[in-house]
Each structure stands twice: as C-alpha cells, then as structure tokens.
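Heads up: the structure comes next, in structure tokens.
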Amino acid sequence: MASTFGGLEISKRGLTVHQTAIQTTGHNISNADNENYARQRVSLQSMDPLYEPALNRAAGPGQLGQGVVISQIERIRDTFYDDQIALTTNEKEFWESSRNYLYQMEKIFNEPSDNTLRSLTDNFWASWQDLSSYPSDLAHREVVLERANGLVTRINDIHTKLQDLRERADREVVQSVEQINGLAGEIRELNEKILKLQALGDNPNDLMDRRDTAIEKLSALVNVRVGRGDKDEIFVFVGEQALVQGVIQRKLKANPNPQNDGMARVAFEHNDRDLILGGGKLLGLIQMRDEAIIERVNRINEFALNLADVVNEIHRDGFGLNGSTNRDFFHVRSLTEDAGGAYTVQNARGDFDLDGDGTADMTAIFRITGTNTVDPTSRIGLDGTITLHKPDAQRTAVRLDYSADENLEQVIRKINDAKAGVVAYMTHDNQLAFKAVVNESDRRQNFMINHIEDSGQLLVGYTGVLVASGENGAFDSRRTGEMVKVRSPLSDVTVTPVFHPAAHIAIDQGLIRDPASIAAARGKDEGGTGDYNIANGMADGSNALLIAKALKQGQNRFGYAENAEAFYNALISKLGTESRTAEDAVQRQTDNLLSLKNLRQSTMGVNLDEEMANLVQFQHAYNASARTINTWDQMLDVIINRLKS
C-alpha cells in the first residue's frame, strides 16, 4: 500500500519542479535582450508510478502516481537557421571587406575632381598643344615642365597610396588570423567543458549558446562548416580542413611570403598547408591584397611606362631650341640602372638574372620598333604565320596567319585582338612596333616581350623587326643575348623597366635645368643618313604637335587600350563597376541576414508576454503544491496528535 507520507513527497516534488521552472523563466526574462541567447524550457514528466509489475507487489489498485520530475532543461534553437546565418554572414563579410577596399581605391583615384590622372593628363596634352603654336617661347616650355611635374607627382602618389593600402590589407590579414585562432581556442575550451557536463547528464545550454556565438563570429572571418554527426564532439571545418575537432585545435599561422613581396601567407601550423578559403572577411582581404589592389598597381605602372615611352619615342626624334636631340623627356629607371635592386642586370643589352643565382637567364625587352618605313594601308603581298607567346604560366603559343591580300593595319588588328601579351602599332614614322603588357601569371615578368616569331618575311624584310624568319630567328625572352635577333638599333628598343615604374618615373633633369632642350621641332635628313640630323628651325612646333596627338588621339597602345584616354577610362569604369557590385552585394546580404535573424528569433528569442504567462502558471502551481503540503500536514497532525488511545 502507499506510504502515509507519500503525499508529502509528491507535493515536495511539485514545489521543487515549479521552483526550477520559475527560476528558468527568470533566466529567460533576464536574457530577453541578448540576441545570442536561446530561450530555455523546463520539460516535465510524471514520476515512475507505484508499483512495478511483479508477483510480490502489494495488493490494491494501481498504479499510483508519484508526482512530477524534470526530464531536462532544453534550449529552443534550430540549427538550420544557425547554418544559414553563418553562410549569409560569411558572404556579407566577404563583400563588405571587398567594398571597403574598393572604396578606398576609388578615393585614391579621386574621380571626378581637378586633381586626377585624367585632368592632369589633359593639362599635359594641352601644354604640348600650346607649345606647338609657340615653340620658341620659353614660358610655354616651362608650362610643359610644370604640367609634366604635376602628372608624374600624381602618378607617384597613386602608386605609393596603393602600396600603403596593400600593406594595410596585409596587416588586417594577420589580425584576422589571430582572431580565428582566438575563436577556435574558445570553441575548443567550450567543447571540453560541454563534454564533461554532458557526461554528468547535464544540459549546458548557456555554454552551448556561447559556442554557437563563437562559431557565428568565426563564420564572419572564414567559410565554416559545422559537423554535428558525433554526439560526443563537434567539428568545425574551414573548407575541407578541420580547424577544431572536439578538444583538438589546429592553429593557423601568417608568415611573410618572399614570393609575394613579404605579404603574409596563411597556413596551418601543424602541416604548413595553405588554408583553403571559400568566403568570409579573410578571403576578401586576401583577394583585395593580392588581386584587386595588385591589378591597380599594375595598371598605374602600365600607364606610367607607356606614357613615358610614347612621349620619349617622339621626343628623341625632335630638336630643342639649342639644337639638342636624341633626348628622353621622361626618365624611367631601366634594368641597367638597378643592378642592386629587383633584378641583377648583366649588361645593357637587357640580359638579367631573374632567379637571383648570379647568372643572367632572360632577356627583358619592353618595346621593339622596326627599321623600315611602310604604308599600313597597302597590301603586304606576303604569306606567313606570326607566333606569339601569351604571358601565362604555360606560355601558350598563339599563331596568327597573314596573307598577301591583307594590309598591315589588318595584321595589327589581329595581333591586338589576340591579347597574346604584346600589342602592335604604327609609330609616328610609320614603323611597326611591338610592346609588352602586364604578365598576369608572374608580376616579376611584367612588361617583357615573351616571344616573337615569323615564318615569313613580314617581320623580317618588310617591316625590319627581326633579323631572320623561322624558329632560329625568333626572339625568345627565356634565352640570353636575344638582342641579336632584333634588327632595331638600341635607340629604337626600350629595355624593361625596374619593378614598379610608376614609383620612379620623373622628368629628365637636363630638361628641368635647360627647358630649351625640350624637342618641340622636327628635323630633316640631310646627306641621306637615314636619320633626322638637322632641325627645322626655332619656329617649328611639329614635334610637340605629334606628342599631343599621340597622347590624345593616337593609337600608340597603352596596354590593350588604343591610347591613354581609352586606357584610363577602362581602368576607372572597371573599378566603379566592381565597387558598385560589392555595394549591392553587401546590401543584399544585409537584408538576407536581417530576415534570417528575425526568423531565428521567432524560434529561440524570448517572448516577454509568453514568459509572464508561464511565470503566473508556475507560481500558481507552486502555491498549489505548497497548499497540498499544508493539507497533508493537517491530516498527519490529526493522525499523530489527536488520535488518543
């Protein structure tokens, strides 16, 4: 039969259970404004009743209930929303870091304003235009120098700021790696505590909330995937690599990489494998540092180098008021001047040591100009194939056929449309010229012509670019001493400049000291020497006009663009498009994230009205249990104290 005091035990259990329920409700209410808190609920179940089925059980009706117990204190949380929020946070932070740096680059170029490359280049062009009208006026020559100085100063400034921006991104990469290690360490410690408490049969809800919060913060930095298949431990993967496995953490390191200008390389400490990223702030920073910013650095270098080469090419053919000629207007440090710098140069013929072993292993040429003057609109009357090598890791061969019915303009168009690492154009003297572009696979080989070969006579006897046709006559940068394959004299060849020509471009110091040396006039060939050897006179400004035309309307090729204006328009347009794309993506992911968080809060968030209703319910149940104890007390008092023998 049931115990006389069994009713007291049932009521005591009711008191204890509802006291815990009230305490849990208070805990929920206290965390109502904590967005990382998942509300908790006390799950109740009835106590095992009396009696268990057995032959020796007490006779009587059964089963008799023994009250209530707490089965668990569970947290109300949906991991589906957690995973979706982690994914959306990852995408949002990737685009946000990209947007921030793209915005900074837009501010560096500062379009539109009065102090941009576009406006300064226009002013420089206008100064040459004015000089062509007043070639004997020293004041107009001073204006040319002043405008040129403003332009090169702006080029230097943009390059410096882009490099500073890249270094800032690298510092953020290192800081992000430290944050990742810190969050991974926190998750590991929480895993250890949770595992111990679960072994004791507890539900460490608050610790699990903290762990989920740490994982969500981690997802903002890298693309994480949470493995919950093992009930005893949780896995946190970055890509397919485990960053945290239960109580094991695999730390990351960010060490300087000499192959990437000393920028940090992110890898695992235990096996030195690169961290494979698919999103997050860290990927955004690395892509900005190693791709987007580098692309703009390459472009400003390309602009500076081509600007100098286009102006110098024409300026060398002109004459100053003092009769000087064969002088460069801009000074760009070539490889021969940088023997102790980025390249070790062996001689003035463009041979240099790329791998740093002390022996020249390449020939570095930026521009080659043919020796023959030709009409680009006339039929070439020749058949053959031009072979070029793309500036990719495989040096992919591009073969361009030409036929006798084509003219040189059509062949040039084929070469430029192929985007094979070189561009072709007709100079101001109607000579065919080839120039290199940026090397997308190895920046150390920027502005180097890889390979030029002609199976016929177009580049040999017709235009005078190469000495001989066929494989034996091909120019190939992988060999030294290749200048002998080029028919042009050294004056018509531009050696590849030092790394980052935008940092070094300057006006020739001789011109600054003596503006009369600015070559505004053209010359004439007296005596049939094949070269301009006599100036046309002080009143001639035709050379200045040629420079102005080359800067504005010419087709001298700035990279794959026709001229400086087209090049700069493409640069700014692409930057603006990428910035707008990033801005739209940030806004889209922000809206998605807000929607997902609202959905998650509808499940795990604390509803104060609901909690107050529960509080009243638990309070009444607690009071009723207390009242039941009082009733049992009165009954027992009758039995114990009032029944007299």
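The values are calculated or read from the model by the stated rules, or taken from the named source; none is laboratory data. Just so you know, these numbers come straight off a predicted model, no measurement behind them. Cβ placement follows ideal geometry from the backbone for every residue including glycine, while neighbour counts extend to all protein chains displayed. Calculation scope for accessible area: heavy atoms of the full protein, side chains included, ligands and nucleic acids excluded. Shrake-Rupley method; radii C 1.70, N 1.55, O 1.52, S 1.80 Å.
Among the residues that make up region 321-329, is at least one of them open to solvent by 10 Å² or more (accessible area, probe 1.4 Å) and either farther than 30 Å from LEU145 by Cβ or aromatic (Phe, Trp, Tyr) (or both)?
no
How many residues, within region 261-279, are charged (D, E, K, R) and farther than 21 Å from ARG171 by Cβ? Even if it seems obvious, please write down each step before you answer.
Step one: of region 261-279, the residues charged (D, E, K, R) are 261, 265, 269, 272-274.
Going one step further and asking which of them are farther than 21 Å from ARG171 by Cβ, we end up with 272-273.
Of the residues in region 261-279, 2 are charged (D, E, K, R) and farther than 21 Å from ARG171 by Cβ.
Report yes if ILE215 is open to solvent by less than 30 Å² (accessible area, probe 1.4 Å) and within 33 Å of the chain's Cα centre (by Cα), otherwise no.
Details: open to solvent by less than 30 Å² (accessible area, probe 1.4 Å): yes; within 33 Å of the chain's Cα centre (by Cα): yes.
Here the answer is yes, as ILE215 does meet what is asked.
For region 198-253, which positions are among the polar types (S, T, N, Q) and within 21 Å of GLN287 (Cβ to Cβ)? Reasoning before the result, please.
So in region 198-253, the residues among the polar types (S, T, N, Q) come out as 198, 203, 205, 213, 219, 223, 241, 245, 249.
Answer for region 198-253, where residues must be among the polar types (S, T, N, Q) and within 21 Å of GLN287 (Cβ to Cβ): SER219, ASN223, GLN241.
Just a yes or no: is a residue in region 578-585 open to solvent by 60 Å² or more (accessible area, probe 1.4 Å), farther than 30 Å from ASN298 by Cβ and of a type in the set (Asp, Glu)?
Looking only at region 578-585, we keep the residues that are open to solvent by 60 Å² or more (accessible area, probe 1.4 Å), and these are 580-581, 583-584.
Filter once more, so that each one left must be farther than 30 Å from ASN298 by Cβ: none.
Checked region 578-585: no residue is open to solvent by 60 Å² or more (accessible area, probe 1.4 Å), farther than 30 Å from ASN298 by Cβ and of a type in the set (Asp, Glu).
Given ARG99, ARG118, which one is buried (at least 17 other Cβ atoms within 10 Å of the Cβ), among the basic types (Lys, Arg) and at pLDDT 95 or above?
ARG99
Report, ordered by the first and then the second residue, all pairs with beta carbons closer than 7 Å, sequence separation of six or more or different chains, a first member in region 566-589 that is closer than 9 Å to TRP95 by Cβ, and a second member that is acidic (Asp, Glu) and surrounded by 15 or more Cβ atoms within 10 Å (Cβ to Cβ).
VAL586/GLU96; GLN589/GLU91
Could you say which residue among ILE180, ILE194, ILE155 is open to solvent by less than 10 Å² (accessible area, probe 1.4 Å) and without any contact (Cβ under 8 Å) to a residue 24 or more places away in the chain?
Values: ILE180 fails: without any contact (Cβ under 8 Å) to a residue 24 or more places away in the chain; ILE155 fails: without any contact (Cβ under 8 Å) to a residue 24 or more places away in the chain.
Only one candidate passes the filter, namely ILE194.
For region 474-496, enumerate the residues that are surrounded by fewer than 18 Cβ atoms within 10 Å (Cβ to Cβ) and within 26 Å of ASP383 (Cα to Cα).
ASP476, VAL484
Go through region 6-44 residue by residue and tally those that are farther than 22 Å from GLN66 by Cα, in contact with an Asp or Glu (Cβ under 7 Å, 6 or more places away or on another chain) and surrounded by fewer than 18 Cβ atoms within 10 Å (Cβ to Cβ).
The total comes to 3.
Looking at GLY246, GLY201, GLY227, can you tell me which residue is of a type outside the set (S, T, N, Q), modelled with pLDDT under 95, open to solvent by less than 70 Å² (accessible area, probe 1.4 Å) and on the phi < 0 side of the Ramachandran plot?
GLY227
Looking only at residues in region 627-645 that are out of contact with any Lys or Arg (no Cβ under 9 Å at 6 or more places or on another chain) and surrounded by 14 or more Cβ atoms within 10 Å (Cβ to Cβ), which one is nearest to ALA21 (Cα to Cα)?
Looking at residues that are out of contact with any Lys or Arg (no Cβ under 9 Å at 6 or more places or on another chain) and surrounded by 14 or more Cβ atoms within 10 Å (Cβ to Cβ), I get THR628.
Which pairs have Cβ atoms under 9 Å, sit 6 or more apart or on different chains, and link a residue in region 239-255 that is under 21 Å from GLN175 (Cα atoms) to one that is part of a loop (DSSP other than H, G, I, E, B) and polar (S, T, N, Q)?
GLY239/ASN223; ARG250/ASN271
Go through region 459-505 and give me each residue that's touching a helix residue (DSSP H, G or I) at 6+ places or on another chain (Cβ under 6 Å), of a type in the set (A, V, I, L, M) and not in a loop (DSSP other than H, G, I, E, B).
LEU466, VAL495, ALA502, ALA503
Would you check if there is a residue in region 161-170 being on the phi < 0 side of the Ramachandran plot and assigned to a loop (DSSP other than H, G, I, E, B)?
Step one: filter region 161-170 for residues on the phi < 0 side of the Ramachandran plot, giving 161-170.
Right, trim to assigned to a loop (DSSP other than H, G, I, E, B) and you get none.
Checked region 161-170: no residue is on the phi < 0 side of the Ramachandran plot and assigned to a loop (DSSP other than H, G, I, E, B).
Among all residue pairs at least 6 apart or on different chains, which show Cβ distances below 9 Å where the first residue, located in region 593-613, is over 20 Å from LYS217 (Cα atoms) and at pLDDT below 95 and the second is part of a helix (DSSP H, G or I) and aromatic (Phe, Trp, Tyr)?
Pairs found: THR603/TYR81.
All but one of (1) free of Cβ contacts under 8 Å to residues at least 40 places away in the same chain; (2) aliphatic (A, V, I, L, M); (3) in a strand (DSSP E or B) hold for LEU218, so report the exception by its number.
Failed condition: (3).
So, in region 54-90, of the ones that are in a strand (DSSP E or B) and not β-branched (Val, Ile, Thr), which residue ends up modelled with the lowest pLDDT?
LEU64
Out of all the residues in region 517-529, is one or more open to solvent by 70 Å² or more (accessible area, probe 1.4 Å) and on the phi > 0 side of the Ramachandran plot?
Yes.
Please indicate, with yes or no, whether at least one residue in region 179-195 is over 30 Å from GLN104 (Cβ atoms), of a type in the set (A, V, I, L, M, F, W, C) and out of contact with any helix residue (DSSP H, G or I) (no Cβ under 6 Å at 6 or more places or on another chain).
Checked region 179-195: at least one residue is over 30 Å from GLN104 (Cβ atoms), of a type in the set (A, V, I, L, M, F, W, C) and out of contact with any helix residue (DSSP H, G or I) (no Cβ under 6 Å at 6 or more places or on another chain).
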